[in-house]
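Undergrad: One structure, pasted below without further comment.
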Amino acid sequence: MSKIRTHILGYPRIGEQRELKKATELYWKGEIPAPALESVGKELRKHHWKKQQAAGIDLVPCNDFSFYDQVLDAICLFGNVPARFGWDGGSVSLQTLFAIARGARDSKAAGSECCGGSCGSGSAGFASEMTKWFDTNYHYIVPEFKADTQFKLSTTKIFDEFKEAQALGLNAKPVLVGPVTYLTLGKVQDSANPDFDRFELLDRLLPVYEEVIAKLAAEGAEWIQIDEPVFALDLSERQKECFIESYARLAKAAGSAKLLVATYFGELRDNLALFLGLPVAALHYDAVRGEAEVDALLNAFPADKILSLGVIDGRNIWKNNYDASLAILEQAKAKLGAARLWVSASSSLLHSPVSLASEKKLDAEIKDWLAFADEKLVEIVTLAGLLSGSGDSAALEANRASQKRRRESRRIHNPAVKARVAAITAADGKRDSVFAVRQEVQREKLGLPLFPTTTIGSFPQTAEVRAARAKWKKSALSDAEYDAFLKEETRKCIEWQDEIGIDMPVHGEFERNDMVEYFGEQLEGYVFSQFGWVQSYGSRCVKPPILFGDITRPKPMTVGWTSFAQSVTKNPMKGMLTGPVTILNWSFVRDDQPRSVSCKQLALAIRDEVLDLEKAGVRVIQIDEAALREGLPLRKSQWQEYLDWAVESFRITANGVKDETQIHTHMCYSEFNDIIGAIAGMDADVITIETSRSNMELLDAFVEFKYPNEIGPGVYDIHSPRIPSVEQMESLIKKAGAVIPAGNLWVNPDCGLKTRGWEEVRPALINMVEAARKLRAAALAAV
Ligand SMILES: CN1c2c(nc(N)[nH]c2=O)NC[C@@H]1CNc1ccc(C(=O)N[C@@H](CCC(=O)N[C@@H](CCC(=O)N[C@@H](CCC(=O)O)C(=O)O)C(=O)O)C(=O)O)cc1
Ligand SMILES: N[C@@H](CCS)C(=O)O
Ligand SMILES: [Zn+2]
């Protein structure tokens with residue numbers, strides 16, 4: 001029996017202890033030079049290849065490493081650098097790469113980047129936009145196109161990393177984002193030609209792909225992986241034509257090298273025939289998200305190609321069920337034969353934490369159910385071995401036993417929670433009165449001025465705050481000391497808000513490591529790791545908590561902090577919670593029940609918190625749903641079903657309160673046009689949204705829909721270190737005021753202030769309050 005080959009599409013780049021994050025941030029601060037950062041990158045790549053090799057992976061990827069983002073690497077590879085960065089047309093430097101991602105104060109000195117997000121449009125080298133990668137919590141840099149965009153080979157990274165692997169004795173598989181995905185993910189930013197069709201650029205882009213592929217082939221690459229995850233989306237005829245044209249040309253350019261085209265994150269549906277017809281040697285398919293389609297795929301699979309089946313979930317942390325995977329793989333083997341079948345993970349392992357090895361505190365019972373990236377490597381190799389008939393039958397038995405332990409664990413199932421979900425009725429999601437009635441009651445109770453000012457919740461998570469938490473976690477700071485420190489931070493923050501005249505203060509979220517992890521840590525049914533970091537954008541990482549069982553809230557989670565905060569001020573304090581949909585979308589969630597059920601369990605737990613806050617006298621409660629939109633399925637036909645249960649979950653959470661309690665929600669970086677009906681259906685009294693960078697354009701959806709409730713369109717771009725002036729914010733509020741009734745309009749930043757420094761936040765909020773005051777005075781004078 002021939003051996004079945006194994007490979008992965010990509011490996012996490014951050015390092016087991018986030019070495020890449022730490023080195024990159026030191027470089028940004030000027031504390032280490034570029035060669036030192038390069039050397040950390042090189043060591044990490046070597047370490048990652050060695051781990052894959054040691055696990056027995058046959059074909060390791062290269063160029064999956066990145067100092068920031070793989071799409072940004074492609075932007076640099078193709079010389080698609082926006083003109084504002086002053087690139088001289090030579091090899092794109094690391095400085096320019098970071099400037100595209102983070103902004104450059106001076107386009108001629110593109111290394112002097114200035115922010116952790118992106119600079120506002122007033123700055124010469126403002127950063128390129130960043131947006132989420134499909135339905136993940138990973139963000140990529142958006143390529144920018146103009147009608148006259150030209151492409152030319154402009155970096156050697158992909159060749160250098162291939163050679164680096166060669167020098168270590170590995171014939172690695174270079175990975176590159178595909179041309180149709182690249183053009184689809186980019187945006188036309190051309191004021192002279194706003195309607196330019198970006199797919200017109202294909203003919204200019206393909207020669208660079210041909211050059212890269214031919215060069216890799218000449219250097220000895222046996223396989224080249226081209227990622228085309230847009231196959232999981234609804235494709236236009238134009239995109240389909242682009243696929244045909246692209247791969248006819250790339251297949252010719254490959255020469256002695258063989259191409260593998262990878263799709264992941266969803267089913268192919270009506271793109272199946274197009275995918276299977278690509279003139280390439282191998283195709284990768286996500287058999288986790290696309291399990292229901294495997295039959296159709298196998299029945300139509302061409303006789304001349306290799307199929308790479310991703311049976312290990314690259315997006316979640318559960319140990320693979322070997323029996324279930326083997327059933328799929330056996331079926332594929334029977335159709336294609338062992339020589340034409342490869343075993344892999346569904347997607348790149350970029351979306352998985354690195355390794356379980358350093359998790360010393362993780363609950364032992366639950367740890368036995370998990371597999372992070374390193375454990376997934378072993379799973380891939382074990383499955384291929386079992387399939388080849390040479391496998392480790394003890395491993396199969398151990399896997400069966402572990403699956404059984406998980407299935408039967410008493411810790412997963414809580415009959416009371418299941419009964420409570422089953423007993424949910426429409427009344428649970430309904431306020432006592434309609435918005436117009438509530439608005440009157442709340443106006444009277446809260447006594448807020450016109451254009452009330454507030455913020456979104458977090459204040460700067462300074463190095464001091466994070467260091468105190470780190471010390472407390474290591475027991476170098478006692479509970480009492482940490483508590484006193486946090487109280488002092490909170491008190492100072494609230495007093496300052498009162499001093500500058502913020503109408504509705506927040507407590508600042510200093511006690512929270514992350515808006516999702518913090519709640520996960522306090523809910524029963526969750527465990528959390530120590531080092532389970534996953535890259536979110538650039539050097540920023542998140543540590544998603546692990547939702548493993550039925551959810552309960554053993555005790556109030558935020559009432560103590562919010563009550564303390566309220567005691568500091570006479571102004572109405574806004575209590576701050578993360579909503580069930582966002583907690584779900586930013587957690588690793590159980591795979592043994594529908595997401596909708598987990599979401600409703602979370603909704604009931606957060607509802608209890610909302611009601612406890614109300615009981616404690618908190619008159620305003622914000623329930624953040626930052627990730628509501630990103631949870632939308634990739635196919636439009638599935639949107640409504642998701643929106644139905646997501647909105648219902650929010651309503652269950654929020655709507656048990658009295659009319660006089662004001663419910664806020666918040667959403668950042670969302671396009672609202674196509675989901676505005678669902679947002680209105682949430683029936684929050686106030687919604688705050690991110691609008692400043694779009695110059696209030698994102699408000700259009702609310703205006704067109706005649707959104708009835710109150711709105712706080714952001715007037716301060718918190719991704720930028722720039723301090724907005726009173727006039728800038730005044731003009732944004734006026735713009736909003738022209739289309740939203742003045743009595744419904746709030747004044748606030750786009751999002752939380754946790755990534756900003758106090759030196760930026762202080763003047764920006766003082767200006768914001770002043771802008772609101774001026775407009776208030778003008779409005780009163782006009783009466
Ligand atoms: C709004 N966003 C969020 C997303 N997902 C979430 N789960 N949460 C979000 O807020 N997705 C979309 C966006 C993405 N945006 C961001 C913004 C900022 C970050 C970020 O700052 N991440 C931090 C890690 C945050 C954290 O949990 N920190 C912990 C641990 C801190 C730490 O590393 N401590 C060190 C010691 C430090 C010292 O001694 O000074 C250690 O333990 O070794 C904490 O605060 O306690 C990051 O650093 O990347 C992410 C996404
Ligand atoms: N309340 C959170 C929302 C972020 S989306 C914050 O202010 O950071
Ligand atoms: Zn936000």
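The values are calculated or read from the model by the stated rules, or taken from the named source; none is laboratory data. Source: prediction; values computed, not measured. Note that each Cβ is placed from the backbone with ideal geometry, even for glycine, and that neighbours are counted across all protein chains shown. These area figures cover heavy atoms from the full protein model, side chains too; ligands, DNA and RNA do not enter into them. Shrake-Rupley method; radii C 1.70, N 1.55, O 1.52, S 1.80 Å.
Undergrad: What about Glu759, is it more than 16 Å from ligand 1 (Cβ to nearest atom), open to solvent by 20 Å² or more (accessible area, probe 1.4 Å), within 26 Å of Thr131 (Cα to Cα) and not hydrophobic (A, V, I, L, M, F, W, C)?
TA: Answer is no for this residue.
Undergrad: Which ones in segment 360-371 are closer than 19 Å to Arg315 by Cβ and not small (Gly, Ala, Ser)?
TA: Selection gives Ile366, Trp369, Leu370.
Undergrad: So, one more: Within segment 405-415, does at least one residue satisfy the condition of being farther than 30 Å from Val378 by Cβ and either within 16 Å of ligand 3 (Cβ to nearest atom) or outside any loop (DSSP other than H, G, I, E, B) (or both)?
TA: Looking for residues that are farther than 30 Å from Val378 by Cβ and either within 16 Å of ligand 3 (Cβ to nearest atom) or outside any loop (DSSP other than H, G, I, E, B) (or both), one finds at least one in segment 405-415, hence yes.
Undergrad: Would you check if Met515 is of a type in the set (A, V, I, L, M) and within 16 Å of ligand 3 (Cβ to nearest atom)?
TA: Here the answer is yes, as Met515 does meet what is asked.
Undergrad: For segment 456-471, what are the residues that are open to solvent by 50 Å² or more (accessible area, probe 1.4 Å) and either within 16 Å of ligand 2 (Cβ to nearest atom) or more than 21 Å from Thr755 (Cα to Cα) (or both)?
TA: Arg466
Undergrad: Go through segment 540-564 and count every residue that is of a type in the set (Gly, Ala, Ser) and open to solvent by 10 Å² or more (accessible area, probe 1.4 Å).
TA: So the count comes out to 2.
Undergrad: Say we look at segment 565-589 and pick out the residues that are touching a Ser or Thr at 6+ places or on another chain (Cβ under 7 Å) and over 20 Å from Arg651 (Cβ atoms); which of these is surrounded by the fewest Cβ atoms within 10 Å (Cβ to Cβ)?
TA: It comes out as Val589.
Undergrad: Mind listing just one residue for me: the one in segment 560-596 that is of a type in the set (A, V, I, L, M) and out of contact with any strand residue (DSSP E or B) (no Cβ under 9 Å at 6 or more places or on another chain) and, of those, farthest from ligand 1 (Cβ to nearest atom)?
TA: The selected residue is Val568.
Undergrad: For segment 382-390, does any single residue satisfy the condition of being modelled with pLDDT under 95 and assigned to a loop (DSSP other than H, G, I, E, B)?
TA: Checked segment 382-390: at least one residue is modelled with pLDDT under 95 and assigned to a loop (DSSP other than H, G, I, E, B).
Undergrad: Of the conditions (1) away from ligand 2 (no atom under 16 Å from the Cβ); (2) surrounded by fewer than 21 Cβ atoms within 10 Å (Cβ to Cβ), Ser649 satisfies every one except a single condition; which number is it?
TA: Here Ser649 clears every test but (2).
Undergrad: Looking only at segment 687-696, decide whether some residue is in contact (Cβ under 8 Å) with a residue 40 or more places away in the chain, assigned to a helix (DSSP H, G or I) and aliphatic (A, V, I, L, M).
TA: Scanning segment 687-696 turns up no residue that is in contact (Cβ under 8 Å) with a residue 40 or more places away in the chain, assigned to a helix (DSSP H, G or I) and aliphatic (A, V, I, L, M).
Undergrad: Another question, then. Just wondering, is there one or more residues in segment 728-749 that are open to solvent by less than 30 Å² (accessible area, probe 1.4 Å) and within 22 Å of the chain's Cα centre (by Cα)?
TA: So far as segment 728-749 goes, yes, one or more of its residues are open to solvent by less than 30 Å² (accessible area, probe 1.4 Å) and within 22 Å of the chain's Cα centre (by Cα).
Undergrad: For residues in segment 496-555 being of a type in the set (Lys, Arg) and within 30 Å of Ala419 (Cα to Cα), which is nearest to ligand 1 (Cβ to nearest atom)?
TA: Only one residue tops the list, namely Arg553.
Undergrad: From the list Asp374, Asp428, pick out the single residue that is more than 30 Å from Ala332 (Cβ to Cβ), open to solvent by less than 50 Å² (accessible area, probe 1.4 Å) and charged (D, E, K, R).
TA: Exactly one of Asp374, Asp428 is more than 30 Å from Ala332 (Cβ to Cβ), open to solvent by less than 50 Å² (accessible area, probe 1.4 Å) and charged (D, E, K, R), namely Asp428.
Undergrad: Would you list the strands (runs of 3 or more DSSP E) that sit entirely within segment 535-635 and hold 2 or more residues that are within 16 Å of ligand 2 (Cβ to nearest atom)?
TA: 540-542, 574-578, 620-624
Undergrad: Another question, if that's okay. Consider Leu753 carefully, then state whether it is touching a residue at least 40 places away in the same chain (Cβ under 8 Å), touching a helix residue (DSSP H, G or I) at 6+ places or on another chain (Cβ under 6 Å) and either part of a loop (DSSP other than H, G, I, E, B) or within 16 Å of ligand 2 (Cβ to nearest atom) (or both).
TA: yes
Undergrad: In the set Leu59, Leu20, Leu37, which member is open to solvent by less than 20 Å² (accessible area, probe 1.4 Å), in contact (Cβ under 8 Å) with a residue 24 or more places away in the chain and within 19 Å of Val177 (Cβ to Cβ)?
TA: Leu59
Undergrad: Follow-up question, since we're still on this one. Given the criteria open to solvent by 50 Å² or more (accessible area, probe 1.4 Å) and either at pLDDT 95 or above or farther than 30 Å from Lys50 by Cα (or both), does Lys367 qualify?
TA: yes
Undergrad: Is at least one residue of segment 717-726 within 15 Å of ligand 2 (Cβ to nearest atom), surrounded by 22 or more Cβ atoms within 10 Å (Cβ to Cβ) and farther than 22 Å from Arg102 by Cα?
TA: No; the residues of segment 717-726 include none that is within 15 Å of ligand 2 (Cβ to nearest atom), surrounded by 22 or more Cβ atoms within 10 Å (Cβ to Cβ) and farther than 22 Å from Arg102 by Cα.
Undergrad: Output the number of residues of segment 534-581 satisfying the condition of being within 16 Å of ligand 3 (Cβ to nearest atom) and aromatic (Phe, Trp, Tyr).
TA: Total satisfying the criteria: 1.
Undergrad: Run down Phe451, Phe435 and say which single residue is touching a helix residue (DSSP H, G or I) at 6+ places or on another chain (Cβ under 6 Å), under 27 Å from Gly579 (Cα atoms) and among the aromatic types (Phe, Trp, Tyr).
TA: Going through Phe451, Phe435 in turn, just one is touching a helix residue (DSSP H, G or I) at 6+ places or on another chain (Cβ under 6 Å), under 27 Å from Gly579 (Cα atoms) and among the aromatic types (Phe, Trp, Tyr): Phe451.
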